[in-house]
Amino acid sequence: MPYETIDVRPVTKSIGAEIFGVDLNEPLSNSAQSEIHDALMEHQVIFFRDQKLNHDSHIRLGRAFGELAYHSGVAGLDDYPEIVKIHADAESTFVAGENWHSDLSEYEEPPMGSILYMHTLPPVGGDTLWSSMYAAYDALSDEMKAFLEPLTAVHDSNHIYRELFPDVEKTYPCNTHPVIRTHPVTKRKCLFVNASKTTKINGLPKAEGDALLAFLFDHVKNPNFQVRFRWQPHSIAFWDNRCTQHFATWDYFPETRSGYRVTIAGDKPY
Ligand SMILES: O=C(O)CCC(=O)C(=O)O
Ligand SMILES: [Fe+2]
């Protein structure tokens, strides 16, 4: 795809690209907005360096790509409820995303994407990995693709947030989605089950469903489908949440790692 406004440098063949030549603190020109969207569709997760993003710019950037979504499990900032803080330090007992997942897949309409801006990083560690669910789907046999095609699965977050926040009396979203979804823009097929949220395959006995999910969760971990991003202070990652999963490493305890995320609403998987 030819890019005229931005400079797009792929990080791996299947997933990830670094983007240069744009200041995300300024409103995007139409051509920059449209080329960033093209790069996201082509590479599934895109990275930016040296962007000192303030909250207003972060929200404006997210809104350039769609309505923003609110997080059902974690409260936003007081003055910016659309922004979630992603933070770990010596006091932390868990970090967000330390398992393979796509964000908020338990929503009836899971997010289209998330934009994560990190301002404080440990000297080493705290990398994030993304896995391409196009690559994961493409690598399956034709027989397995055909078997998975009609299946649906339950995505639930109650077990996670009830364990994290036992004192909060709340019911969190739980919805059924196809195991293989079609990306609404690229029309490519992608695997859409994840280890954090997918609890059950509908219509299969539990033992068969659990074994199938275990195979698929393991399949996602293949390094050939992945990119690993080494953050620096003021880096940004913008991922397409429909066709990727990610994993936030926590190999830097007790150091501090901190940033902010906005989430862009999506649509019902089909
Ligand atoms: O901290 C990270 O790199 C990612 C955390 C996460 O899963 C998220 O922000 O959705
Ligand atoms: Fe996440």
(request) Output yes when any residue across segment 45-56 is without any contact (Cβ under 8 Å) to a residue 60 or more places away in the chain and buried (at least 18 other Cβ atoms within 10 Å of the Cβ), and no when none is. (result) no
(request) Report yes if ASN194 is in contact with an Asp or Glu (Cβ under 9 Å, 6 or more places away or on another chain) and either surrounded by 15 or more Cβ atoms within 10 Å (Cβ to Cβ) or within 28 Å of LEU68 (Cβ to Cβ) (or both), otherwise no. (result) no
(request) Select from segment 80-114 the residues that are modelled with pLDDT of 95 or more and of a type in the set (Phe, Trp, Tyr) and write down the one among them that is nearest to ligand 2 (Cβ to nearest atom). (result) TRP100
(message) Can you pull out every residue in segment 241-258 that is open to solvent by less than 10 Å² (accessible area, probe 1.4 Å) and either away from ligand 1 (no atom under 13 Å from the Cβ) or on the phi > 0 side of the Ramachandran plot (or both)?
(response) CYS243
(message) I need the full set of residues from segment 172-184 which are of a type in the set (S, T, N, Q) and without any contact (Cβ under 8 Å) to a residue 60 or more places away in the chain, in order please.
(response) THR176
(message) As an exercise: evaluate ASP23 against (1) of a type outside the set (Ser, Thr, Tyr); (2) under 17 Å from the mean Cα position of the chain (by Cα); (3) part of a loop (DSSP other than H, G, I, E, B) and give the number of the one condition it does not meet.
(response) (2)
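Okay, residues lined up against (1) within 14 Å of ligand 2 (Cβ to nearest atom); (2) assigned to a strand (DSSP E or B):
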| residue | (1), (2) |
| --- | --- |
| ALA195 | yes, no |
| LYS200 | no, yes |
| GLU208 | no, no |
| PHE238 | yes, yes |
| PHE247 | yes, yes |
| TRP250 | yes, no |
(request) Name the residue, out of ASP78, ASP156, that is open to solvent by 50 Å² or more (accessible area, probe 1.4 Å), acidic (Asp, Glu) and more than 11 Å from ligand 1 (Cβ to nearest atom). (result) ASP78
(message) Of everything in segment 116-125, what is buried (at least 24 other Cβ atoms within 10 Å of the Cβ) and more than 10 Å from ligand 2 (Cβ to nearest atom)? Give them in sequence order.
(response) TYR117
(message) If I filter segment 173-191 down to residues being open to solvent by 10 Å² or more (accessible area, probe 1.4 Å) and assigned to a loop (DSSP other than H, G, I, E, B), which single residue comes out as modelled with the lowest pLDDT?
(response) PRO173
(request) Pick out the one residue from GLU208, GLU169, GLU149 that is under 21 Å from VAL74 (Cβ atoms), free of Cβ contacts under 8 Å to residues at least 60 places away in the same chain and open to solvent by 30 Å² or more (accessible area, probe 1.4 Å). (result) GLU169
(request) Within segment 120-129, identify whether any single residue is within 19 Å of ARG242 (Cβ to Cβ) and within 12 Å of ligand 1 (Cβ to nearest atom), and answer yes or no. (result) yes
(request) Sort out which residues of segment 92-106 are buried (at least 23 other Cβ atoms within 10 Å of the Cβ) and more than 8 Å from ligand 1 (Cβ to nearest atom), and write them in order of number. (result) SER102, LEU104, SER105, GLU106
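The values are calculated or read from the model by the stated rules, or taken from the named source; none is laboratory data. Owing to the predicted nature of the structure, the values given are computational and were not obtained by experimental measurement. Virtual Cβ from ideal backbone geometry, glycine too; neighbours counted across all protein chains shown. Areas reflect the complete protein model, heavy atoms only, side chains present, ligands, DNA and RNA absent. Shrake-Rupley method; radii C 1.70, N 1.55, O 1.52, S 1.80 Å.
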